[in-house]
Amino acid sequence: MLALALVLAVVVDVPTAAGARPGRYAWPLAAPHPVVRVFSAPTTPYGPGHRGVDLGGTAGEAVFAAGDGTVVFAGPIGGRQVVSLAHGDGLRTTYEPVEPLVRAGSAVRRGERIGTLLAGHEGCPVAACLHWGARRGVDYVNPLRLVTAGRVRLLPLAPEGRAGFGGGG
């Protein structure tokens with residue numbers, strides 16, 4: 001009984017930092033999708049940081065929508081191809097460098113192909129990298145929190161001194 005209670009305490013209600021539960025969002029690249037550069041939140045709005053993660057990939061591979069949403073931008077920005085999606089929960093995800101297969105205004109579903117990964121992402125240590133960013137309002141969030149469980153928390157079985165719950169009297 002104790003083991004079951006601990007498992008339930010860990011499995012039930014483990015939201016991610018971005019406010020979404022794993023399963024609502026998916027990886028934008030097919031496995032394997034090694035993280036070659038991690039998220040580093042800026043300390044000020046215009047300060048240095050890495051506002052997303054870089055996933056190692058192969059030029060020409062499919063890029064998928066991480067979640068259901070609407071394409072808000074698909075095209076060039078600063079000499080690179082970008083796709084941005086707005087999700088119904090207030091989250092916006094961005095994918096670059098990606099040759100878009102979608103247009104602004106199009107509805108997309110989680111796992112739907114939105115483009116093709118291009119080579120040439122600055123700072124990428126492998127042949128091709130997908131820069132995957134996520135933002136809630138003006139705050140950048142770690143997109144890995146969309147596809148991985150939050151920290152595991154073990155909860156007590158019952159308040160101290162409560163007899164008959166999980167043994168003890």
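What nm value, rounded to one decimal, do you get for the distance between residue 149 and residue 106 when each label is placed 7 Å out toward the C-beta?
Calculated label separation equals 3.5 nm.
How do 68, 54, 139 line up, fewest other C-beta atoms within 10 Å first?
On the way: 68 17, 54 23, 139 10.
Result, fewest neighbours first: 139, 68, 54.
Find which of 62, 88, 119 sits farthest along the positive direction of the dipole of region 21-147, computed with +1 on the beta-carbon of Lys and Arg, -1 on that of Asp and Glu, about the Cα centre.
Ranked along the dipole, the leading option is 88.
Quick one: what does P(r) look like for region 12-136 with 5 Å bins over all Cα pairs, in whole %?
Percent of Cα pairs in each bin: 2, 11, 21, 24, 21, 14, 5, 1, 0.
Taking a virtual spin label 7 Å from the Cα of residue 80 along the C-beta vector, which residues in region 90-109 bring their backbone nitrogen under 19 Å of it?
Answer for this model: 92-102.
FYI, it's all coordinate maths here, none of it is from the lab. Not measured: the values here are computed from a predicted model. Here Cβ is always computed from backbone atoms with ideal geometry, including for glycine, and neighbour counts include all displayed protein chains.
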